[in-house]
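Quick notes on the structure that follows.
What follows is calculated from the coordinates using simple rules that are stated; it is not laboratory data. These figures come from a predicted structure and were not determined experimentally. As a convention, Cβ positions derive from the backbone with ideal geometry for all residues, glycine included, and neighbour counts pool all protein chains shown.
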Amino acid sequence: MFSIEHEFDATVVTLVDEGEPHLQEDVVVSSFEECVTVEQYDPRTDKVNKITLSMTQMRDLAAAISLPEGVYTRQGSDTDE
């Protein structure tokens, strides 16, 4: 399950892990004009872990999801090995 909310300066997607035991905490992805942040609460440390991806890193991640193993560089919207 997931939700999408449009806020003043970001689009926020929350991913809820549904299913059998050993569920992970919700993941919150916030998309801003200049970056994307990914946050998840860690109950072991009682802290929220946050990473920030540039828009270039986000585009690379999106392209990488459907590619086979290898090392790639992106040129514009094309992906080369």
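Just a few scattered comments:
- Computed per residue of the chain from DSSP H runs no shorter than four, each worth -39500 (n - 2.57), the mean residue ellipticity at 222 nm is -3500 deg cm²/dmol.
- The structure-derived value of Cα Rg over 2.2 N^0.38 Å appears in the list [x] 1.15; [y] 1.31; [z] 1.03 under the label [y].
- Peptides 57-67, 1-11 ranked from most to least packed give 57-67, 1-11, packing being the mean of other C-beta atoms within 10 angstrom over each peptide's residues.
- Dipole magnitude for the chain: about 180 debye, using +1 per Lys or Arg Cβ and -1 per Asp or Glu Cβ, origin at the Cα centre.
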